[in-house]
Every structure is written in structure tokens, then in C-alpha cells.
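To start, the structure under review is shown below, and the notes come after it.
The values are calculated or read from the model by the stated rules, or taken from the named source; none is laboratory data. Treat the numbers as computed from the prediction; the structure is a model and nothing was measured. Glycine gets a Cβ as well: all are built from the backbone with ideal geometry, and neighbour counts include every protein chain shown.
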């Protein structure tokens, strides 16, 4: 039978090595927290970004995802933008979109880690909209007019998107061009939404459909499971 030896130091040498590993780990984590704090973007510390507006107490976590077209991006007050969130206005950096804002976040919006908001047409997210991680919101989609050409080479179609105040978008939800979500809408995780969604509705599925709605006289239809 092969014999295995303990390759870890023992005694005083082992204790010293363990202390060094713990000290290094603490230093790395403290250093990373310092980098995250120093790299975060606020109205007082915009870094290299020149957003049209950053509201008071809004914070974009470091590291950010892809960000360009800041001149056409407005961020309301008390927003939380997680790590690796992409915010873009225009097809590419340097694209002139005119005098008005294109991407607007209301007050108190939360964008979870890894989410994307892509706007070449107006994308409006109302107050107190909460998004889980990896939500994808876009005003653009590839066209498929010519079946003989690569889809990625065909000019995309664009349509405005609006998300009503107080809504909740679950992890991995996709909001397609032209979507118009009412107030206090719940989008289930992984749902793909297009078209119009009424106020106080719950949508789920691919494509997303209304699975529950609120009626002022009858309450929730159908009633929630107990």
C-alpha cells in the first residue's frame, strides 16, 4: 500500500504558515473592499463617466459593466446599480441621439448584478422598480427580413420601452422592444415580455402571459395558493 505523508508544515512552522495565509486573505479582502468603494460612481464621484444626471444618494457599484452614451442617460435619486451592470444609449459610443434623454431611471430603482439596459430608443423605468440579477431590458432586436443573410448583419428594429413604477422584475427576465408594463407589475424569473401588461398584473412564461391580476372588487384573480 502506498504511504502518504502530511505535506503541510507542523509545529511552529505550520502555525506561522497558517497565520500568513490568514493575514494575506484578510489583506486581499480589505483591499478589494477599498477598491470597490473607491471605484463606485456617485454624483460626487462620477469617475470617467459624464451622465446627463445622477440623483442624490445614487450609487453604481464597482466594477461596472459596459457604459456609454452617458449624455443621454438620467439616473434618479436613491438608485442602486449592482456590479457588472451595463447601461448604454445608442448603437455604439459617439452615436448622436439628439437633445433629449433616451434612458431614464426613476427614483429608488434597483438594478441587480449583471443586468443590462440597452437603449437606442426611449427606455423609461419608473420609480421604485426592483430588478433581480441578470435582467435584460432592450429597445432593440435583430430583424429577420432576409432569410439568406446572417441575422447579425441585418439592421435591428427599435421601439420604446416603459416599465411602470413599483414593478418587480425577477432574475433573468427579458423585456423586449415595445414592451409597456403598467404599475406594480411582477415579472417572473426567466419570463420574456413583449407588448402591453396592465397595472397590478403578474406575468410568467415564454412568451410571458398574465397569470394573476388584481381587481378592485374581487381582489386577486385567481386567488393565491395557500
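Values computed for the structure shown
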{"item": "Residues within region 101-122 that are more than 22 Å from residue 141 (Cβ to Cβ) and part of a strand (DSSP E or B), tallied", "result": "1"}
{"item": "Test: residue in region 185-205 that is surrounded by fewer than 18 Cβ atoms within 10 Å (Cβ to Cβ) and touching a residue at least 40 places away in the same chain (Cβ under 8 Å)", "result": "yes"}
{"item": "Residue satisfying all of: in region 171-180; touching a residue at least 40 places away in the same chain (Cβ under 8 Å) and buried (at least 18 other Cβ atoms within 10 Å of the Cβ); farthest from residue 133 (Cα to Cα) among these", "result": "177"}
{"item": "Residue within region 33-44 that is on the phi > 0 side of the Ramachandran plot and either at pLDDT 95 or above or surrounded by 14 or more Cβ atoms within 10 Å (Cβ to Cβ) (or both) present", "result": "no"}
{"item": "Set 97, 75, 111, 87: member being at pLDDT below 95 and either crowded, with 17+ Cβ neighbours inside 10 Å or within 13 Å of the chain's Cα centre (by Cα) (or both)", "result": "97"}
{"item": "Residue within region 144-162 that is farther than 24 Å from residue 107 by Cβ and touching a helix residue (DSSP H, G or I) at 6+ places or on another chain (Cβ under 8 Å) present", "result": "yes"}
{"item": "Residue pairs meeting the criteria (Cβ under 9 Å; at least 6 apart or on separate chains; first not assigned by TED's automatic domain parsing to the domain that holds residue 91, in region 146-170; second assigned to a strand (DSSP E or B))", "result": "none"}
